[in-house]
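Below is one structure, written out as structure tokens; the observations come after it.
The values are calculated or read from the model by the stated rules, or taken from the named source; none is laboratory data. These figures come from a predicted structure and were not determined experimentally. Cβ: placed from backbone, ideal geometry, glycine included. Neighbour counts: every protein chain shown.
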Amino acid sequence: MFRFVIILFSAVFLSACVSVAKVSDFPTSNSDIDFATLSEKSFDEDSVGFYTTEFEDFVRVSPVSEEALYQAIEESLREVGYTVKQSNREKGVVIGKNASVGMTEYASVTGVYVKPQQGAFQVYVRTKLTHSITPGWASKYDVAKAVTGKLCENLETCDQ
């Protein structure tokens, strides 16, 4: 009986996360992102729920310099509690990580992908949460929209 309890406890403990957010799970270049499809997709639907493990958003930014855009992206990530882990302007990507999101969400990773387009920039934001098997209130907070919201607030040049 004791062995059964130990095995059961171990199985529950080891499978406690629905998803695990890792920087290595994210594309390292904007060339891995289908901006054409994303520009036509609606990100306004209410997909936030107890077990949501990913969030995404898309905005168009114009006119702003590339340097100002990347500075604003990094600042926006910091303002919502992230540490920038990777930033590569040539590949059009900034990736940040946050170690404490909430009571049942233990960490999150956000990738921000940038593509120049006709004097403007397309910006795609994707967030993945490390999420436990128990429902939590923090997953109701759409981190991707928080990042794009801060970005648009900092730049004052977004078309959503």
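I'm trying to understand the selection: among the residues of the stretch 50-59, which are among the charged types (D, E, K, R) and modelled with pLDDT of 85 or more?
Glu56, Asp57
Hey, among the residues in the stretch 1-32 that are farther than 22 Å from Thr130 by Cα and of a type in the set (Val, Ile, Thr), which one's modelled with the highest pLDDT?
Restricting to residues being farther than 22 Å from Thr130 by Cα and of a type in the set (Val, Ile, Thr), the top hit is Ile6.
Does Ser100 qualify as being modelled with pLDDT of 90 or more and of a type in the set (S, T, N, Q)?
Taking the combined requirement at face value, the residue does not satisfy it.
From (1) within 17 Å of Ile33 (Cα to Cα); (2) touching a helix residue (DSSP H, G or I) at 6+ places or on another chain (Cβ under 9 Å); (3) at pLDDT 95 or above; (4) among the charged types (D, E, K, R), pick out the condition that doesn't hold for Glu90.
It is condition (2) that Glu90 fails.
So which residues in the stretch 61-87 are at pLDDT below 90 and either part of a strand (DSSP E or B) or small (Gly, Ala, Ser) (or both), if there are any at all?
Ser62, Gly81
In this structure, does Ser47 turn out to be loosely packed, with under 13 Cβ neighbours inside 10 Å, within 16 Å of the chain's Cα centre (by Cα), part of a loop (DSSP other than H, G, I, E, B) and modelled with pLDDT under 90?
So Ser47 fits the description; yes.
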